[in-house]
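K.L.:
I'd like to ask you about the structure that follows.
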Amino acid sequence: MGKPGRKVLEMFLPQLIQEFNVDFVVAHAENAAHGFGVTPEIADELFRMGVDILTSGNHIWDKQEILEYIQRETRLLRPANYPSYSPGNGYAIATARNGVKVGVVNLQGRVFMGPSDDPFRIGMEIVERIRKETPVILVDMHGEASSEKQAMGWYMDGKASVVFGSHTHVPTADHRILPSGTAYITDIGMTGPYDSIIGMDREQVIRKFLDQMPTRFKIAKGNPILHAMLVEVDQNTGNAISIQKIVRRGEEL
């Protein structure tokens with residue numbers, strides 16, 4: 001979430017990769033550019049930090065300069081259930097640091113969200129396609145409704161290694177491994193200024209609720225926190241072995 005999120009990621013990601021012997025990193029980047037979208041420069045910055053794949057959601061087109069970039073940079077994804085003629089790709093297969101192929105699928109929900117195609121049908125079609133190359137598959141379900149994200153987790157249980165929710169910015173406490181081996185969480189949580197209202201300046205947001213006047217929000221600064229999940233996956237079966245919450249607090253940025 002904005003510069004505070006990027007700074008706290010830069011502060012902790014390299015040491016987390018070393019501490020936990022991390023083979024593959026996925027980060028959701030649609031709020032990286034001052035809270036709205038991502039620019040080519042910021043995407044490249046996140047890749048340099050150690051991120052392998054960037055996912056996104058309904059803010060992916062907020063910065064016009066991303067349109068050309070996403071067509072040539074296959075490591076930046078947009079939701080796969082957007083129209084097929086949209087720029088970019090909705091999934092990728094990349095090679096982890098240990099040589100294992102990893103599939104990443106980016107989906108967007110339809111409940112309280114903008115128009116898009118069916119994430120369940122399209123998501124499963126893509127997962128089945130990826131499983132012909134590798135059983136290790138991560139799914140980012142970008143959605144407003146917890147019920148829709150939970151439904152995707154159960155729908156993908158035993159098909160995807162990990163289903164994680166994004167979009168609502170507030171971490172949930174329901175991380176678990178589902179019965180058929182899929183690691184799941186409804187929302188990992190925001191990496192950015194925690195003393196905020198989903199990353200934005202508190203006073204501005206409260207004023208908006210009170211007077212309903214047009215407001216240009218700015219990123220908050222207080223209490224930057226990194227929220228992440230560490231998942232261990234069996235590379236032969238694709239089943240999750242463990243899922244662990246990671247939280248790191250940064251200095252004031």
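No lab work stands behind these numbers, since they all come straight from the coordinates. Keep in mind that this is a model prediction, so the values were computed, not measured. Positions of Cβ are generated from backbone atoms using ideal geometry, with glycine treated the same way; all protein chains shown enter the neighbour counts.
K.L.:
Got a sec? Which of Met190, Met200 is surrounded by 13 or more Cβ atoms within 10 Å (Cβ to Cβ) and within 20 Å of Pro79 (Cα to Cα)?
P.N.:
Every option except Met190 fails the conditions.
K.L.:
Right, next: Determine, yes or no, whether Ala96 is small (Gly, Ala, Ser), over 24 Å from Ala33 (Cβ atoms), surrounded by fewer than 18 Cβ atoms within 10 Å (Cβ to Cβ) and in contact (Cβ under 8 Å) with a residue 40 or more places away in the chain.
P.N.:
yes
K.L.:
A follow-up question, please. If you go through region 47-60 one residue at a time, how many are under 27 Å from Val100 (Cα atoms) and either out of contact with any Leu (no Cβ under 6 Å at 6 or more places or on another chain) or among the small types (Gly, Ala, Ser) (or both)?
P.N.:
The total comes to 8.
K.L.:
Looking at Ala80, Ala173, which one is free of Cβ contacts under 8 Å to residues at least 12 places away in the same chain and among the aliphatic types (A, V, I, L, M)?
P.N.:
Every option except Ala173 fails the conditions.
K.L.:
Now for a different question. If I filter region 142-188 down to residues being in a helix (DSSP H, G or I) and not aliphatic (A, V, I, L, M), which single residue comes out as nearest to Met124 (Cα to Cα)?
P.N.:
Among those that are in a helix (DSSP H, G or I) and not aliphatic (A, V, I, L, M), it is Tyr155.
K.L.:
Here's another thing I want to ask about it. Filter region 103-141 down to the residues that are over 29 Å from Ile198 (Cβ atoms), β-branched (Val, Ile, Thr) and not in a helix (DSSP H, G or I) and list them by number.
P.N.:
Thr134, Val136
K.L.:
Give me the residue from region 208-230 that is more than 25 Å from Thr172 (Cβ to Cβ) and part of a loop (DSSP other than H, G, I, E, B) and, out of that set, nearest to the chain's Cα centre (by Cα).
P.N.:
Looking at the filtered set, the residue picked out is Lys218.
K.L.:
Kindly indicate whether Arg248 is surrounded by 15 or more Cβ atoms within 10 Å (Cβ to Cβ) and more than 13 Å from Met1 (Cβ to Cβ).
P.N.:
yes
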